[in-house]
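The structure appears right after this line, and notes come after that.
Just so it is clear, none of the values below were taken in a lab; they were calculated from the coordinates. Note that the coordinates shown come from a computational prediction; the quantities given were computed from them, not determined experimentally. Cβ coordinates were reconstructed from backbone atoms using ideal geometry, including for glycine residues, and neighbour counts include every protein chain displayed.
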């Protein structure tokens, strides 16, 4: 299992996006979050530097994340799930609520189960390019405005190149199948969202091309007492475009009793 830790204090485990490895977290975001807590990032099963067979369901990834929490003795950890990681976070909290204290859901979607929920298979296809160019990444994660694109290039410049490991085609196919199954509400997780009693912060960019802001609004509506924040002129990478603003919101949410 490949894992990295930053900072000290109460634990915050980060659950990554489609095709995401540990090197796909913006160091600026990790550094700010780690000022107030112990941040844990890892490569999921069969992804990046972690060996094994990647799950073809969100539930399988949630089970692996739960096993990681137990193995690392992270009692009642906070979790931050981005994109696919946000789907994993929802299932993790529903299956093992005793392991989680608070939850942040960034640029993600609820399970399918209502016509309001939408996700873009075209976006996912573009994100599956064998060797995505920087321009491809910018177009996927940021808007067409100069401010958003500039923030995107700055974020990419902070990341490790080349990354320590890549995600294989077969692993991407497994993750794609998991996202599609979740979007089809294959295990009826949508009807159980109202069971979530953990404090939850839902956040997204107003122009997310994969999971539009309406998905976040539905999540916040279905999870009682949620915080909701939609960031302007931003897409799937809003959390890197607004590193200081988002991390301040996260820290304030996690520190709120």
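By the count of neighbouring beta-carbon atoms within 10 Å, fewest first, 119, 82, 227 end up ordered 227, 119, 82. The fewest-to-most ranking of 58, 32 by surrounding Cβ atoms within 10 Å reads 32, 58.
GNM remark for the chain: springs join alpha carbons under 10 Å apart, and the peak mean-square fluctuation among 219, 14, 72 falls on 72. Based on C-alpha pairs under 8 angstrom that are at least 6 apart in sequence, the chain has a relative contact order of 23 percent. The distance linking segment 35-88 with segment 112-169 is 20 Å (Cα centroid to Cα centroid, whole angstrom). Taking each DSSP H run with n ≥ 4 as -39500 (n - 2.57) and averaging over every residue of the chain yields -12000 deg cm²/dmol at 222 nm. For segment 11-62, relative contact order (Cα pairs under 8 Å, six or more residues apart, normalised by length) works out to 36 percent.
Within segment 98-131, find all residues whose amide N lies under 12 Å from a label point positioned 7 Å from the Cα of residue 227 along Cα-to-beta-carbon. The answer is 102-105. Across 190, 166, 142, mean-square fluctuation computed from a Gaussian network of the chain (C-alpha pairs under 10 Å connected) peaks at 166. For the chain, what class follows from the C-alpha gyration tensor (a ≥ b ≥ c being the square roots of its eigenvalues): rounded when a/c is under 1.5, otherwise prolate if a/b is larger than b/c, else oblate? In terms of gyration-tensor shape, rounded. Length gained on full extension, residue 153 to residue 217: 20.2 nm, using 0.36 nm per residue less the C-alpha separation. GNM on the chain, alpha-carbon springs under 10 angstrom: the most fluctuating residue among 174, 89, 164 is 164. Shown is the FRET efficiency for residue 245 and residue 195, computed with R0 = 22 Å from the Cβ-Cβ distance and rounded to the nearest 0.05: 0.10.
What does DSSP give for segment 3-255 in terms of the percent of beta bridges that are antiparallel, rounded to the nearest 5? Bridges in segment 3-255 are about 15 percent antiparallel. The relative contact order of segment 21-102, computed from alpha carbon pairs under 8 Å that lie at least 6 residues apart in sequence, is 23 percent.
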